[in-house]
Amino acid sequence: MSIARQGIVWFAVLCFHWIARTALAVEPIDTAPPEAWRLFRGTSTGTGVAGGSLPDRLELLWTFTSEQKGFAATAAIEGQTVFVGASSGPLYAIDLITGKKRWEFNGEIGFLASTAVKDGRVYVGDKDGNFYCLDGATGKLVWKFASDGQIDAGANFYRDRVIFSSEDAFVYCLDAVSGKLVWKYETTDQVRSFPTIVGNRCFVAACDMSLHVLDLDKGTATTKINLDSPTGSAAAIAKNFAYVGNEDNCFLAVDLAKESVAWRFENRERPNAYRSSAAVTDEAIYVGCRDRSLHALDPLSGRSLWEFKTKQMIDSSPVVVGSRIYFGSNDGRVYGLDRISGKEVWHFDAGGRVSASPAVAAGRMVIGSESGSLFCFGKK
């Protein structure tokens, strides 16, 4: 073979490998910034992955106790302040370092939704359907918007707008500064999930058995994808797939390009509902189930990689931190597992059901129990 032909062959081979790599290239998994946990799942795409780290041996740093029982909501962390609502009481701002209360805000009848933080303001809905914007430094009310149903899930942001869902069957888009309604989108049943966002698309899993894909500029649906059953968990979005569980013992991977379900996972030995939202990495999808197990699933096939059993149902949504995964269980414990093997490496007895999810920022993890205690872990 001549030198010229050899050169052509090598050039062709290099082009082939470049094209193959380009075709297979995908965006990295979205991670929360190390210093903050501003949204329910850490990121707008709902991946549940912390960009920071935690010490290998977590120690209890402080406990904050609410006089009104129960922390079912996931905390937000920004500027070394923890923002979290009590199930039958106020919304609290707590110093991340000391655990001391900075301020409290009294809604109508308590909070189940996680808080969302942006540009020094705190956004949260309550059990009476009110959606509040508060000044993050003082807790003073900036504006209030009323929906007609209980608000169960945290808000998300698109440009200068705030997006949230309500049990009145609507998804709302408000101007984040003024609280004025920009648009609202109607489904045919309750909406109890965190709206995940990629670009100008919003993904809302609803109790009408559909994953609604919305154009955030227009407030209209671009498509609806059948989820087989009602769902209240958030759809985690990664690499053009949506990962979400439903109430009928089924966890699904939805191919967003094909607008169809790519695979389903079911625990037929112990069928139960998924109310935990998934955490997504390149290696595995991690999700809790009311079958009392945390499942690790292969992202491409849905094959079970491992299963970790607890003594009660898991409604807490797991969070990935480095080589570990953390979550709570209704058995009253917070668990830390090795994310590759699924082996337990740490646990904490919280003294009451833990349905809230971890918030991880600045080397600390914050999570509450339904008995009324908020715990902060890190290194002393």
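The values are calculated or read from the model by the stated rules, or taken from the named source; none is laboratory data. Predicted model only: the values in this text are computed from it and were never measured. Positions of Cβ are backbone-derived with ideal geometry, glycine not excepted, and every protein chain shown enters the neighbour counts.
Residues being more than 22 Å from the chain's Cα centre (by Cα) and not in a loop (DSSP other than H, G, I, E, B): count how many of those fall in the range 91-116. Full working, then the answer.
Filtering the range 91-116 down to residues more than 22 Å from the chain's Cα centre (by Cα) leaves 95, 97-109.
Filter once more, keeping what is not in a loop (DSSP other than H, G, I, E, B): 95, 101-105.
Residues meeting the conditions: 6.
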Among the residues of the range 209-225, are any within 22 Å of S87 (Cβ to Cβ) and part of a loop (DSSP other than H, G, I, E, B)?
no
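Residue-by-condition table, conditions (1) touching a Leu at 6+ places or on another chain (Cβ under 9 Å); (2) of a type outside the set (A, V, I, L, M, F, W, C):
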residue: A296; (1), (2): yes, no
residue: R324; (1), (2): yes, yes
residue: N330; (1), (2): no, yes
residue: K343; (1), (2): yes, yes
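Suppose we filter the range 143-158 for residues that are in contact (Cβ under 8 Å) with a residue 24 or more places away in the chain and among the charged types (D, E, K, R); how many remain?
Of all residues in the range 143-158, those in contact (Cβ under 8 Å) with a residue 24 or more places away in the chain come to 143-145, 147, 149-158.
Retained after the next criterion (residues that are among the charged types (D, E, K, R)): 144, 152.
Residues meeting the conditions: 2.
T196 - would you say it is surrounded by fewer than 23 Cβ atoms within 10 Å (Cβ to Cβ), hydroxyl-bearing (S, T, Y) and at pLDDT 95 or above?
Values: surrounded by fewer than 23 Cβ atoms within 10 Å (Cβ to Cβ): no; hydroxyl-bearing (S, T, Y): yes; at pLDDT 95 or above: yes.
Judged against the criteria, T196 is not a match.
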Filter result (without any contact (Cβ under 8 Å) to a residue 40 or more places away in the chain and in a loop (DSSP other than H, G, I, E, B)) within the range 313-364:
I314, S323, N330, D331, G332, S341, K343, A350, G351, G352, V354
Do we find that K140 is free of Cβ contacts under 8 Å to residues at least 12 places away in the same chain and more than 25 Å from E370 (Cβ to Cβ) in this structure?
yes
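So is S233 under 23 Å from H295 (Cα atoms) and either surrounded by 24 or more Cβ atoms within 10 Å (Cβ to Cβ) or not small (G, A, S) (or both) or not?
Working: under 23 Å from H295 (Cα atoms): yes; either surrounded by 24 or more Cβ atoms within 10 Å (Cβ to Cβ) or not small (G, A, S) (or both): yes.
When the stated conditions are applied, S233 passes them.
Is it true that some residue in the range 124-136 is touching a Cys at 6+ places or on another chain (Cβ under 9 Å), in contact (Cβ under 8 Å) with a residue 24 or more places away in the chain and over 26 Å from V354 (Cβ atoms)?
First pass over the range 124-136, keeping only residues touching a Cys at 6+ places or on another chain (Cβ under 9 Å): 124.
Okay, now just the ones that are also in contact (Cβ under 8 Å) with a residue 24 or more places away in the chain, so 124.
Now restrict to residues that are over 26 Å from V354 (Cβ atoms): none.
No, the range 124-136 contains no residue that is touching a Cys at 6+ places or on another chain (Cβ under 9 Å), in contact (Cβ under 8 Å) with a residue 24 or more places away in the chain and over 26 Å from V354 (Cβ atoms).
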Tally time: how many residues in the range 174-184 are surrounded by fewer than 22 Cβ atoms within 10 Å (Cβ to Cβ) and either on the phi > 0 side of the Ramachandran plot or assigned to a strand (DSSP E or B) (or both)?
6
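Yes/no per residue for (1) under 18 Å from S277 (Cα atoms); (2) at pLDDT below 95; (3) buried (at least 23 other Cβ atoms within 10 Å of the Cβ):
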| site | (1), (2), (3) |
| --- | --- |
| W10 | no, yes, no |
| P34 | no, no, no |
| G42 | yes, no, yes |
| T45 | yes, no, yes |
Please go through the range 293-309 and give me each residue that is surrounded by fewer than 20 Cβ atoms within 10 Å (Cβ to Cβ) and assigned to a loop (DSSP other than H, G, I, E, B), ordered by number.
D298, L300, S301, G302, R303
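Can you name every residue in the range 154-186 that is farther than 28 Å from S276 by Cα and hydrophobic (A, V, I, L, M, F, W, C)?
Initial filter on the range 154-186 (farther than 28 Å from S276 by Cα): 160, 175, 177-183.
Within the range 154-186, V177, L181, V182, W183 meet the criteria.
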Does any residue of the range 67-90 turn out to be surrounded by fewer than 18 Cβ atoms within 10 Å (Cβ to Cβ), among the hydrophobic types (A, V, I, L, M, F, W, C) and assigned to a strand (DSSP E or B)?
no
